[in-house]
Every structure is written in structure tokens, then in C-alpha cells.
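K.L.:
Pasting a structure below so you can have a look.
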Amino acid sequence: MRSKKMEGTSAPCLRRDPYEVLCVSRDSSDQEIKTAYRKLALKYHPDKNANNPEASELFKEVAYSYSILSDPEKRRQYDTAGFEAVEDSMDMEIDLSNLGTVNTMFAALFSKLGVPIKTTISANVLEEALNGTVTVRPLPIGTSVSGKVDKQCAHFFGVTINDEQAECGIVVRVTSTAQSKFKLLYFEHDINGGYGLALQEDSEKTGKVTSAGMYFLHFQVYRMDSTVNALAIAKDPESAFFKRLEGLQPCEVSELKAGTHIFAVYGDNFFKTATYTIEALCAKSYEDTTEKLKDIESQILRKRNELRQFETEYRKALARFQEVTNRYTQEKQSVDELLKQRDSIHATFTVTRPPSGISNLSNGSSSKVPVETESPTEDGNSDGKDKSGKKKWFNLNLMGSDKKLG
């Protein structure tokens, strides 16, 4: 499950220190960074600054900075080695409200073709949640609710759990048999009485449905983010296999306390409404499934580490293979040329010379080969003898016929 990567994270050309951009110190807590981001993201969000290009650039810078500092691993990498350590793994997101009809159509087409495209969440949704003016519908544990949500809008649900359910673990999942695009959002209670976005999960196509889930099971759970390293994979398709498990993103929230928790389904289709079914479950009824998930998560993490090592071995073997393949081609050409030269030398051991229109004799003299030609007859036909024979035969018959007639 995905941790806090909220808005468009394309890297600005002129990069400032992320701590400076968010106006926080290097020893700031996660909560302080989150609060600073929410304030600046709403201030510069494209929805609220449609005619202000400068605000749009500031929004991208804020989002880019937050995408680094909100991820513990990327924050550690940046603190150690700067932007170079994190820039290759940054996500790319777009704001649908600023695309326009034509660009939205292109984005929808690319999405249909399987190109991973991330989108931002509408500023109106975030602001209404932060102000606490959204309508929250109850979603009791063990039940499901189906509905349709307009694009760039959200339906909010309150999941209330007791101590026992919190101890066992909670799962919230959303599915769409219509294969709609949506986001599953989780909000924390803000000190001002509203709800601040803490987690988001983009829907993924699995079989004939799209789905997203959040798993609060008291152990580290991961989700597969298909857009991670998408640019690097596009440049080197062969690396797609090795980078596939790099998309595993840890969720920073692994458990919930007793109380009411706010979730939302956000319509992320490019044009139409999103059809969905959301359900909340207690893991107590799924103990075997929970253990299987815990085991498979561990296996996948081990496999990711193994693949990192194997990639190094594979690259070396591939380079060696390419080297010997080039050597093979060169050696084959060399052998073919040597044999060709050898055959040519063999062919020079002969007393005859190849004809060239004039016959070369062994004494070096030459003469033209006489060619007999037949002179044409009076009718222009060269076959004079045959014609003469036919005439004689024909005349004999005529003479015989004349005698009988006489």
C-alpha cells in the first residue's frame, strides 16, 4: 500500500532544497513536514490558480519536495547524496483540471494502452476535507457499499472500530467490475477539526476488475506502484523485469486505533463517472489469509534483494555474451575471406584461360571462329532446300492431276 505521495512530482528544472521549499528544518518530524505540505499544496494548487503559471510551478516544486521528504528512504538518500540519489525514481503525475479536452483524450488513450499515468487530487476535495465540510457516510465493519462518483469528486466513508477489531487488524478494499479508475484515500483527523490526506492508493487492473486496498494488519504491508522507475524502464525495456519489484512501496501506517476512521473513493476516470464497491473487513475472520499475506510479503522482499544481485551478474554475462557474439561474427567473416582467397589461388593453376569473346589459343595467337550463314531464297526464307522440296512435290501432284483431267 502506498505511503504519502500526494501530488504532481515532476522535478522542476531549477531545484531548491526540499527543506527550504517546505519551510521546515532538517530535523523536522514527519507530521511537521506533512502539515507544511498541506498548507502549501492548497495555496498553490492549479485548481485555485488557473491563470497563474507561477503558482503552477510552485505547486510542482512543493509536490516534488514533499515526495522526497515524505518517503523515509528517499529522504535518507537525499540527505546523504542530494538530488542525484533520488531523481531517477521520482514519480510523474498530471493534473486533469489543467489538461484541456485534447490533452485529456491523449492521456486517456495512453492509459488504455497500459502507460502508467498518475493524476493529482482535486484541490476542492482536499480543501473541503481539511475544512471538515464533507459528508461522511457510515461503513460498518463487515459491510459493503456500492455507488458512482463523478470524476475529480470523492465519496467519504466513516469506519468505526472497537479495541478488539483494532487489535486484530482492518482491511478496506474497493473494486470496480466496470474497470473504472479511482483512488482509495485515507484521512487523518486534523487538529482544526477537518481531515488531512494521509494515504492514497491508485486502482490497478487485476483480471477483469480494477481494485485498491489498504491493509492495517500490524506488520509492514507493501503495494505495487507500476509507475516507479517507469521512465528508466522506457529507456531500457530489458530492465523492466529487474525493476518490477522496485515498485514495492511500504505503507507508513500499519495499524489503526479504536475510533472512527475516514476513507474516501475518488473518481479518477478521464471523462466518465467511476463505479465502485467499497467494503470494510476485520482480519479476525481471515487469520489464515493474513498469515499467507505476511509470508508472501516476506518472500517478495527477499526475491527483490536476490534480483538486485542477479541483475549485476546478468549484466556482466550479457556484456560477455555480446563480446563473444561480436567475436564470432568477425571470425566468421575472416574465415570466409581466407577460404575465398585460397580458392582464387587454386584457380590460377591452369593452362587454359577463360573465354572473353575471342578464343585464346595455347600459342598465344587468335582467330575468329567462322560462322556459316545461309543466303535467303527469293521469298526471304533461309530454308531454301525445304521450300524447293515442297514445291517439287506439290508440282508433281498437280502434273498428275492434269493428266487425269486430260
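K.L.:
Taking residue 144 as meeting all but one of (1) within 30 Å of the chain's Cα centre (by Cα); (2) modelled with pLDDT of 95 or more, write down the number of the exception.
P.N.:
Result: residue 144 passes all but (1).
K.L.:
Which of the residues belonging to the stretch 304-316 are touching a helix residue (DSSP H, G or I) at 6+ places or on another chain (Cβ under 7 Å) and either closer than 15 Å to residue 223 by Cα or of a type in the set (A, V, I, L, M, F, W, C) (or both)? Spell out how you get there, then give the answer.
P.N.:
The initial filter retains those residues of the stretch 304-316 that are touching a helix residue (DSSP H, G or I) at 6+ places or on another chain (Cβ under 7 Å), namely 304, 307, 311.
Within the stretch 304-316, 304, 307 meet the criteria.
K.L.:
Something else now. Would you check if residue 276 is in contact (Cβ under 8 Å) with a residue 12 or more places away in the chain, open to solvent by 50 Å² or more (accessible area, probe 1.4 Å) and of a type outside the set (A, V, I, L, M, F, W, C)?
P.N.:
On the way: in contact (Cβ under 8 Å) with a residue 12 or more places away in the chain: yes; open to solvent by 50 Å² or more (accessible area, probe 1.4 Å): no; of a type outside the set (A, V, I, L, M, F, W, C): yes.
So residue 276 fails the test.
K.L.:
Okay, moving on. For the stretch 38-79, how many residues are outside any helix (DSSP H, G or I) and open to solvent by 30 Å² or more (accessible area, probe 1.4 Å)?
P.N.:
The initial filter retains those residues of the stretch 38-79 that are outside any helix (DSSP H, G or I), namely 45, 49-52, 70-71.
The next check asks that each one be open to solvent by 30 Å² or more (accessible area, probe 1.4 Å); those that pass are 49-52.
Number satisfying all stated conditions: 4.
K.L.:
Go through the stretch 235-273 and give me each residue that's buried (at least 18 other Cβ atoms within 10 Å of the Cβ) and over 23 Å from residue 297 (Cα atoms).
P.N.:
Those that are buried (at least 18 other Cβ atoms within 10 Å of the Cβ) and over 23 Å from residue 297 (Cα atoms): 261, 262, 263, 264, 265, 266, 267, 268, 269, 270.
K.L.:
Next question, about the same structure. State whether one or more residues within the stretch 360-371 are part of a helix (DSSP H, G or I), more than 30 Å from residue 246 (Cβ to Cβ) and either open to solvent by 100 Å² or more (accessible area, probe 1.4 Å) or at pLDDT 90 or above (or both).
P.N.:
Of all residues in the stretch 360-371, those part of a helix (DSSP H, G or I) come to none.
No: zero hits.
K.L.:
Examine the stretch 313-322 for a residue that is part of a strand (DSSP E or B) and open to solvent by less than 50 Å² (accessible area, probe 1.4 Å), and state whether such a residue exists. Steps first, answer last, please.
P.N.:
Pass one, the stretch 313-322, residues part of a strand (DSSP E or B): none.
No: zero hits.
K.L.:
What are the residue pairs meeting all of these: first residue in the stretch 23-42, first residue of a type in the set (D, E, K, R), second residue open to solvent by 60 Å² or more (accessible area, probe 1.4 Å) and assigned to a loop (DSSP other than H, G, I, E, B), Cβ atoms under 8 Å, and 6 or more apart or on different chains?
P.N.:
Matching pairs, first to second residue: 30/252.
K.L.:
Still on this structure, please answer the following. Can you name the condition, by its number, that residue 212 falls short on among (1) modelled with pLDDT of 80 or more; (2) open to solvent by less than 30 Å² (accessible area, probe 1.4 Å); (3) under 18 Å from the mean Cα position of the chain (by Cα)?
P.N.:
Tallying (1) modelled with pLDDT of 80 or more; (2) open to solvent by less than 30 Å² (accessible area, probe 1.4 Å); (3) under 18 Å from the mean Cα position of the chain (by Cα), residue 212 fails exactly one: (3).
K.L.:
Within the stretch 171-184, can you find the residues that are more than 24 Å from the chain's Cα centre (by Cα) and surrounded by fewer than 21 Cβ atoms within 10 Å (Cβ to Cβ)?
P.N.:
Of the stretch 171-184, the ones more than 24 Å from the chain's Cα centre (by Cα) are 171-173.
Residues satisfying the conditions are 171, 173.
K.L.:
Which ranges mark the strands (runs of 3 or more DSSP E) fully within the stretch 126-192 that have 3 or more residues being touching a residue at least 24 places away in the same chain (Cβ under 8 Å)? Break it down stepwise before answering.
P.N.:
Values: elements: 136-138, 143-149, 154-161, 170-176, 182-189.
By residue number, 143-149, 154-161, 170-176, 182-189.
The values are calculated or read from the model by the stated rules, or taken from the named source; none is laboratory data. The shown structure was predicted, so the numbers you read here are calculated from the model rather than taken from an experiment. Neighbour counts run over all protein chains shown; Cβ positions are idealised from the backbone, glycine included. To get the accessible areas, we keep the full protein, side chains included, count just its heavy atoms, and leave off ligands, DNA and RNA. Shrake-Rupley method; radii C 1.70, N 1.55, O 1.52, S 1.80 Å.
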